[in-house]
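The values are calculated or read from the model by the stated rules, or taken from the named source; none is laboratory data. Since the structure is predicted, the reported quantities are computational estimates derived from the model, not experimental observations. Each accessible area value is taken on the protein alone, full model and side chains, heavy atoms only, with ligands, DNA and RNA left out. Shrake-Rupley method; radii C 1.70, N 1.55, O 1.52, S 1.80 Å.
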Amino acid sequence: MAEKVTVTVLAKMKAEGNKITMLTAYDYPFARMVDECGVDMILVGDSLGMVVQGETSTLPVTMDQMVYHTTLVARAAKRAMVVGDMPFMSYQTSVKDAVKNAGRFLKEAGAAAVKLEGGAAVADRIKAISQAGIPVQAHIGLTPQSVHQMGGFKVQRQEDRLLEDARIVQEAGAFSVVLEGIPFEIAEKITKTLSISTIGIGAGVHCDGQVLVIHDALGINEGHVPKFVKKYKQIAQIAREGITEYVDEVKSQAFPTKDHSFK
């Protein structure tokens, strides 16, 4: 079996210029496929609120829901590093809550790391969680949990603040940082400045790696998708064709046949 992806492996990949791949997954079947296809990191994102639960934002997702979905993913992943996404209000309330909830991802769900949104404002949380022996992936730029504060899903262009946030989360102990919705020129500067890996989503090709929501990348999500998404397949279309064929065959009694029946 291929080498298990750890923080040490990721650091080596950045040092050697090997690009890092990351996709979301929320259940066992998809996590198994993602892992078998060689993806380096699986993010159990709070994006499940929108792509799985049908919510309009990530804000309603709870810790218990995140632990449940992370458990399913961790059960399937043999090589990829599983990262649990800390949901809204699971770490903002206090450092104590942040460490306790981060610990649940490892202790109860089997994840290897956690991700949380924010830069300098959450540096004390990142430091405390890291000191508790839990690897932390930071997330700066467009942070969906702060969508109301930001006035919507908008590209973040304040270069000085972004560079400062990146530097601070690294100093706080983060092993990696997601850069979301950032102009590629700024993302390139951040990537060259940091010793930890940068994972881009809408941040251009110069990041150390990339992450996408699997429901977007495979065309399962038929609603609006951001500019930075590439649909590699159109699974929703294929699924609809199969479901329609099933309905037609049941109605016409073409299914089940003798081959699908018992004597």
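Here are the numbers for this structure:
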| item | result |
| --- | --- |
| Percent of beta bridges antiparallel (DSSP, the stretch 117-263, rounded to nearest 5) | 10 percent |
| J(HN,Hα) series, the stretch 202-215, from Karplus relation 6.51 cos²θ - 1.76 cosθ + 1.60, nearest Hz, glycine and proline x | x, 10, x, 7, 7, 5, 5, x, 9, 9, 9, 6, 4, 5 |
| With every protein chain in place, the stretch 81-132: carbon and sulfur % of accessible area (1.4 Å) | 56 percent |
| Accessible area of residue 91 in the full protein assembly, 1.4 Å probe (Å², nearest 10) | 0 Å² |
| Net length gained if the chain between residue 234 and residue 94 were fully extended (0.36 nm per residue, minus Cα distance) | 46.2 nm |
| Straight-distance crosslink candidates among lysines, where the alpha carbon sits under 16 Å from residue 192 and sequence neighbours closer than 8 are dropped | 12, 14, 19 |
| Sequence-distant aspartates and glutamates (8 or more away, or on other chains) whose Cα lies within less than 13 Å of residue 231 | 216, 222 |
| Percent accessible area from carbon and sulfur atoms, the stretch 141-246, protein chains only, probe 1.4 Å | 55 percent |
| Net lengthening on full extension, residue 222/residue 124 (0.36 nm per residue, minus Cα-Cα) | 31.4 nm |
| The stretch 88-169: mean projected area of Cα convex hull, nm² | 5.4 nm² |
| Principal axes of the stretch 195-248: Cα extent on each, largest first, Å | 57, 18, 11 |
| Under 17 Å from the Cα of residue 100 - lysines, other chains or at least 8 residues apart | 115, 127 |
| For the chain, calculated [θ]222 nm from helices alone, where every DSSP H run of n ≥ 4 adds -39500 (n - 2.57) | -12000 deg cm²/dmol |
| Percent antiparallel among DSSP beta bridges (both partners in the chain, rounded to 5) | 5 percent |
| Contour excess over end-to-end distance, with Cα ends at residue 184 and residue 167 and 0.36 nm allotted per residue | 4.4 nm |
| Probe 1.4 Å, protein heavy atoms only - accessible area per residue of the stretch 1-97 in square angstrom | 46 Å² |
| The chain: Cα Rg divided by the 2.2 N^0.38 Å rule of thumb | 1.08 |
